[in-house]
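Q: I have a structure I would like to understand better, so I am pasting it below and will then ask my questions one at a time.
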Amino acid sequence: MSSSGTVQIIGAGLAGSEAAWQIARRGHRVDLFEMRPVRTTAAHRTADFAELVCSNTFKSDSLDTATGLLKEEMRRCDSLILRVADATRIPAGTALAVDRERFATEVTRALESQPLIQIHRQEVEVIPKQGIVIVATGPLVSESLSSDIARFTGRGYLYFFDAVSPIVEADSIDLSKVFRASRYGKGDEDYLNCPMDEPTYERFVDAILAGSTAPRHEFDTTGFFEGCLPIEEMARRGRDTLRFGPLKPVGLVDPRTGKRPHAVVQLRQDNAAAEHFNIVGFQNSLRWGEQERIFRMIPGLEQASFVRLGMIHRNSYINAPAILMSTFQARKRSDLFFAGQVSGVEGYLESAASGLMAGINATRLAEGQPAVSFPPTTALGCLGRYISAADVKDYQPTNMAFGLLPPLAIPVRDKRARREVLVRRALDDLGTFRGTLDPIAAPR
Ligand SMILES: Cc1cc2nc3c(=O)[nH]c(=O)nc-3n(C[C@H](O)[C@H](O)[C@H](O)COP(=O)(O)OP(=O)(O)OC[C@H]3O[C@@H](n4cnc5c(N)ncnc54)[C@H](O)[C@@H]3O)c2cc1C
């Protein structure tokens with residue numbers, strides 16, 4: 001399919017476009033395969049590269065946020081996606097929002113005008129057997145390639161659906177209203193339990209039943225798995241269904257009353273630094289504003305600050321820690337990379353970030369050099385670490401969050417001050433790392 005030394009990239013979305021750019025700017029040839037407009041997906045509307053299928057924002061651009069840090073690191077690595085996003089920016093407070101049409105048009109133009117990038121408007125049906133390959137097909141990968149990916153990973157390691165529970169920031173939980181305990185006292189006191197009395201539970205069920213849900217896309221109508229029903233669907237099945245499901249109180253005693261509560265919402269620690277807790281079993285399709293309003297009815301979460309809200313949608317992604325190394329290479333085939341949403345990251349920005357790392361490493365391979373992991377203390381590096389080292393058993397794609405960064409050697413209690421130190425550490429370590437990487441990427 002390709003001459004030797006040429007990197008083949010499947011998919012010109014956020015990840016594939018960024019990867020192609022990183023490779024070509026280092027002087028290497030790319031064969032970039034994009035199936036649109038010959039074949040399209042249920043979410044894309046145009047033939048442009050890097051089309052934003054839903055919102056037009058890359059989230060906060062402020063350096064005191066995790067996504068702000070990731071953006072700054074990508075800018076320092078000359079990211080095409082960030083360069084074009086900055087050039088097509090529209091007003092949106094501290095968020096980096098773009099004019100979506102101009103954004104995709106400009107990314108397409110930048111890649112089309114790169115002489116080292118050969119564009120092929122065709123569907124790739126199987127993973128090329130030879131050469132350096134980056135699979136960047138996104139969450140809506142075409143059917144035949146999806147079957148081939150499943151053959152490569154093993155059926156149990158490619159997922160088709162995402163049922164995501166909301167995550168809240170630990171320091172926004174009112175600890176005076178919750179208690180630590182594991183069900184039946186098994187294990188350490190790993191969970192924070194939000195107890196509900198009967199009237200609170202009844203009001204909560206009413207609110208869920210009345211809550212408005214997000215419209216389901218045509219590709220999301222294949223029915224739910226019984227194992228991960230959305231909470232609003234459970235509530236519809238009967239007023240006590242939730243009390244026998246994720247809100248079951250059995251095996252839990254509130255130490256303040258000495259009694260078992262009527263219902264209990266459990267919060268489970270979600271990252272090593274214990275900055276985030278997820279609301280166990282709360283996957284749902286409620287609108288985001290509704291989720292914030294309704295979940296703040298849970299005792300202890302009245303002031304909750306949400307890191308992520310719940311959702312259920314079609315999303316093909318691999319069980320990354322079982323398949324990938326932190327370089328985004330497949331463990332069992334080092335010249336095969338996965339990048340973007342299919343590699344187990346979540347979001348436009350994170351997809352582009354993984355494309356950037358896969359692109360740099362594909363170039364290194366083409367030059368006969370070993371692939372490198374970005375420092376785990378950087379936003380880029382901690383994404384690589386997450387996809388390769390997270391728990392295989394219950395793998396969930398991730399957005400960038402401060403909780404993914406390793407804790408500081410000397411803890412800083414104040415949240416704002418802590419973030420400042422984390423950001424400084426990340427940018428310093430990235431600077432040192434880039435100095436060792438290649439001449440193009442010398443620190444600016
Ligand atoms: C409906 C929906 C809404 C989303 N909304 C948001 C949001 O608002 N904000 C956010 O941050 N994230 C969102 N995401 C998640 C994710 O960030 C985006 O899907 C993002 O576009 C992923 O980037 P990517 O490069 O991995 O995939 P994509 O941008 O989807 O790019 C993959 C490309 O591969 C092509 N392709 C697929 N199969 C083949 C094949 N066999 N051969 C050749 N080409 C192929 C596709 O046509 C596509 O152009 C959403 C996802 C979905 C499904």
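Every read-out reported here was derived from the displayed coordinates using simple, explicitly stated rules and does not represent laboratory data. Keep in mind the model is a prediction, meaning the values are calculated, not measured. As a convention, Cβ positions derive from the backbone with ideal geometry for all residues, glycine included, and neighbour counts pool all protein chains shown.
Q: Considering Cα pairs under 8 angstrom that are at least six residues apart, work out the relative contact order of the chain and quote it in whole percent. Each step should come with its number before you reach the end.
A: Values: 902 pairs, mean separation 91.7, N = 444.
Rounded, it is 21 percent for the chain.
Q: To the nearest Å, what is the center-to-center distance of region 229-308 and region 368-386, using C-alpha atoms only?
A: Spelled out, the Cα-based centre of one part sits 35 Å from the other.
Q: I would also like to ask the following. Given R₀ = 45 Å, FRET efficiency for Asp86-Arg203 by Cβ-Cβ distance, to 0.05?
A: 0.45
Q: Helix 143-153 versus the longest principal axis of the chain: what angle, 0 to 90°, nearest 10, using Cα atoms?
A: Between helix and principal axis, roughly 80 degrees.
Q: In region 304-385, what trypsin sites (Lys or Arg not before Pro) fall in a loop by DSSP, with at most 13 other Cβ atoms inside 10 Å? Walk me through the intermediate numbers first.
A: Details: sites: Arg308, Arg314, Arg331, Lys332, Arg333, Arg364, Arg385; in loops: Arg331, Lys332.
Answer by residue number: Arg331, Lys332.
Q: Now, a different point. Got the relative contact order for region 167-309 handy, in percent, Cα pairs under 8 Å and 6 or more residues apart? Working shown, then result.
A: On the way: 233 pairs, mean separation 58.1, N = 143.
Once normalised by length, the contact order is 41 percent.
Q: Please compute the net charge surrounding Ala330, taking Lys and Arg as +1 and Asp and Glu as -1 over other residues with Cβ under 15 Å from its Cβ.
A: Details: positive: Lys129, Arg151, Arg331, Lys332, Arg333; negative: Asp148, Asp335.
Counting the neighbours of Ala330, the net charge comes to +3.
Q: Let me ask something else about it. Between helix 415-437 and the chain, what is the angle of the helix's C-alpha long axis to the longest principal axis, kept within 0 to 90° and rounded to the nearest 10?
A: With both axes taken from Cα atoms, the answer is about 20 degrees.
Q: Tell me the angle of helix 100-112 to the major Cα principal axis of the chain, expressed in degrees between 0 and 90 and rounded to the nearest ten.
A: Once rounded, the angle reads 30 degrees.
Q: Can you give the charge dipole size of the chain about its Cα centre, rounded to the nearest 20 debye, using +1 on the beta carbon of Lys and Arg and -1 on the beta carbon of Asp and Glu? Don't jump to the answer; show the numbers that get you there.
A: Working: 54 positive and 53 negative charges, 97 e Å.
Dipole of the chain, to the nearest 20 debye: 460 debye.
Q: Follow-up question, since we're still on this one. By the scheme Lys and Arg +1, Asp and Glu -1, what is the net charge of all other residues having a beta-carbon under 9 Å from that of Val126? Display every interim value, and only then the final one.
A: Numbers: positive: Lys129, Arg151; negative: Glu125, Asp148.
Here the charged neighbours net out to 0.
Q: What order do you get for Met325, Met400 when you list them from fewest to most C-beta neighbours inside 10 Å?
A: Values: Met325 19, Met400 27.
Exposure proxy ranking, most exposed first: Met325, Met400.
Q: Would you grab the residues whose amide H sits under 5 Å from the one on Ser182? Only those 5+ places off in sequence or on another chain, please, with H modelled 1.01 Å from N.
A: When sequence neighbours closer than 5 places are left aside, the close amide H contacts are Asp190, Tyr191.
Q: Starting with the fewest neighbours, write out Ser165, Ser305, Ser351 ranked by other beta-carbon atoms found within 10 Å of each beta-carbon. It would help to have the intermediate numbers written out before the result.
A: Values: Ser165 22, Ser305 12, Ser351 28.
Taking fewest neighbouring Cβ atoms as first place, the list is Ser305, Ser165, Ser351.
Q: Over the alpha-carbon set of the chain, divide Rg by the Kirkwood Rh and report the Rg/Rh ratio to two decimals.
A: Computed over Cα atoms, the ratio is 0.98.
Q: So, one more: Suppose we flag GluC sites (Glu not before Pro) only when DSSP calls them loop and at most 16 other Cβ atoms lie within 10 Å. Which is the longest uninterrupted stretch of the chain?
A: On the way: sites that count: Glu125, Glu189, Glu302, Glu367.
Value returned for the longest uninterrupted segment is 1-124.
Q: What order do you get for Leu70, Leu158, Leu286 when you list them from fewest to most C-beta neighbours inside 10 Å? Spell out each step's value before the answer.
A: Working: Leu70 28, Leu158 20, Leu286 25.
So the residues, fewest neighbours to most, are Leu158, Leu286, Leu70.
Q: List the trypsin sites (Lys or Arg not before Pro) in region 95-178 that DSSP assigns to loop (not H, G, I, E or B) and whose Cβ has at most 11 other Cβ atoms within 10 Å. Which are they?
A: Details: sites: Arg100, Arg102, Arg109, Arg121, Lys129, Arg151, Arg155, Lys177; in loops: Arg121, Lys129, Lys177.
Those that pass, being in a loop and sparsely packed, are Lys129.
Q: Next question, about the same structure. How much mean residue ellipticity at 222 nm does the chain get from its helices, if each DSSP H run of length 4 or more adds -39500 (n - 2.57) and you divide by all residues, to the nearest 500 deg cm²/dmol? Each step should come with its number before you reach the end.
A: On the way: 12 runs with 138 residues, N = 444.
Counting only the DSSP helices, I get -9500 deg cm²/dmol.
Q: Can you classify region 325-444 as rounded, prolate or oblate using the Cα gyration tensor, where a ≥ b ≥ c are the square roots of its eigenvalues, rounded means a/c under 1.5, and otherwise it's prolate if a/b beats b/c and oblate if not?
A: Working: a/c = 2.14, a/b = 1.26, b/c = 1.70.
Since a/c reaches 1.5 but b/c is at least a/b, the shape of region 325-444 is classed as oblate.
Q: Once you have the Cα-Cα distance between Leu437 and Ala409, take 0.36 nm times their residue separation minus that, and quote the gain in nm to one decimal.
A: Values: separation 28, 0.36 × 28 = 10.08 nm, distance 2.57 nm.
Stretched fully, the Leu437-Ala409 segment lengthens by 7.5 nm.
Q: Could you work out the local net charge near Thr40, counting Lys and Arg as +1, Asp and Glu as -1, over the other residues with Cβ closer than 11 Å to its Cβ? Could you put the intermediate results ahead of the total?
A: Values: positive: Arg36, Arg39, Arg45; negative: Glu34, Glu51, Glu123.
Here the count lands on 0.
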